[in-house]
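Structure record follows, encoded as structure tokens.
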Amino acid sequence: MIKAQFRHWAELIDDPMLLVNGTGIVIEMNSQAPQLFQRPRREMLGRRLHDFVTAGTVPIDDYLALCARTSEYLPGALIVVRGAEQVPCRADGAAGHGDGTGTRCIILRLRTKSDAGRSFEILNHTHQIERLGYEIDLRKAAQAALQEVHAQLETRVRERTADLERANAELRALTDNLKAANAELEQFSYITSHDLQEPIRMVSMFMQRLTQGGPHLSAEQREQYMRYVEEGAERMRLLIEDLLRYNSIERDRDGRILIDSESAVRGALDNLTQLITASRVKVIIAGAFPHVVANPQQLMQVFQNLIQNAIKYGPDRDSRIEVVARPLDEAWQFSVRDNGIGIEPQYYEKIFAVFQRLHGRDQYSGTGMGLAICKKVVERHGGRIWVDSVPGVGSTFHFTVPKV
């Protein structure tokens, strides 16, 4: 313990230091001492002090005892032994080099248990003990201050690095969102212009025929042309309504509250009561439906669109739809399962795009916006939507909503 204390203390200064016990045996030293005495450390440990330091004709032990009693140093008496060379110390206690420079050698003795105060006492240069302690205290204080500054700097670097990483992550997310929004806008603009022009052309064409045909048109032709005009106008109305509904998803994203997800399913079924009755479809709600944070109208719209599609593409008889909820690790998974015509795997992604249809309007009605609306709502709520299907057997649409 004492030796460890000495090593820690002695290494704080640049001067060579020796520690001897009560009988004058060298028991420890700092790393500068072997350089001064030009001997390996292992050769110095365990040997008597007078093998390395002499006081001329005065025994070294008597000389050091005298220094300790009088607190004075006798100039020129102490000699450092360097191999075969003996170098006298100058008045300041440094080993002389002839040019007035040198390295001070400080000798300490291990105190006995009966001694009070420090664990060591300086045997030579005792008049410098307070200055030596002061220098060591200053060095310790400087090292402590440096370590504290270093620790504060490391903390600030870690904090700034964490802030920078968060900022970069937010920037990447914003960049990805912007790229996705731009791609969606380009696709949306192209498809919208094409799909809106089709019913406009239809209305324009048959209105022109009605105008140009005049009295030459039969009553049956007039009625047919008017029906086409009405169908075109109705299609435009539905397209515009779906476009407005699609665009409102982003605008209404802040209207989220804690709701019972089963109430969203019940609301969708109430809106589809007439269609369900006419189709004679059996709808089953299975599982325990959780409370989730969502926009009530938008979540109901997702269930309504999925159930409506299941009815539309279901069989003419024995149509069956099952709505299920089940927990995942960090989200709730909702599924709408039907026994309809099914979907080929190559169309699993395409069906969620704006105005994408797999069948002509003469087979199945609709604008091709239903699943696109579902996808946008689900993704704005932090979830995802996908489909599993077997052609001729049925389809299951799944989507997730994060847990509260």
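If the condition is being assigned to a loop (DSSP other than H, G, I, E, B), free of Cβ contacts under 8 Å to residues at least 60 places away in the same chain and either among the aliphatic types (A, V, I, L, M) or surrounded by fewer than 18 Cβ atoms within 10 Å (Cβ to Cβ) (or both), then segment 301-338 contributes PRO315, ASP316, ARG317, ASP318, ASP329. Only residues that are surrounded by 14 or more Cβ atoms within 10 Å (Cβ to Cβ), charged (D, E, K, R) and in contact with an Asp or Glu (Cβ under 8 Å, 6 or more places away or on another chain) were counted in segment 1-34, giving 1. Taking TYR364 as the residue in question, decide whether it is under 20 Å from SER279 (Cβ atoms), among the hydroxyl-bearing types (Ser, Thr, Tyr) and either modelled with pLDDT under 90 or in contact with a helix residue (DSSP H, G or I) (Cβ under 7 Å, 6 or more places away or on another chain) (or both). Yes, satisfied.
Selection of segment 8-21 for residues being at pLDDT 75 or above and either outside the structural domain of MET44 (by TED's automatic domain parsing) or not in a loop (DSSP other than H, G, I, E, B) (or both) yields ALA10, MET17, LEU18, LEU19, VAL20. For segment 255-273, a residue qualifies if it is among the β-branched types (Val, Ile, Thr) and either closer than 17 Å to PRO402 by Cβ or in contact (Cβ under 8 Å) with a residue 24 or more places away in the chain (or both), and the qualifying residues are ILE257, ILE259, VAL265.
The values are calculated or read from the model by the stated rules, or taken from the named source; none is laboratory data. The structure displayed is predicted, hence computed values, not measured ones. Neighbour counts are summed over all protein chains in view; Cβ atoms, including those assigned to glycine, are modelled from backbone coordinates with ideal geometry.
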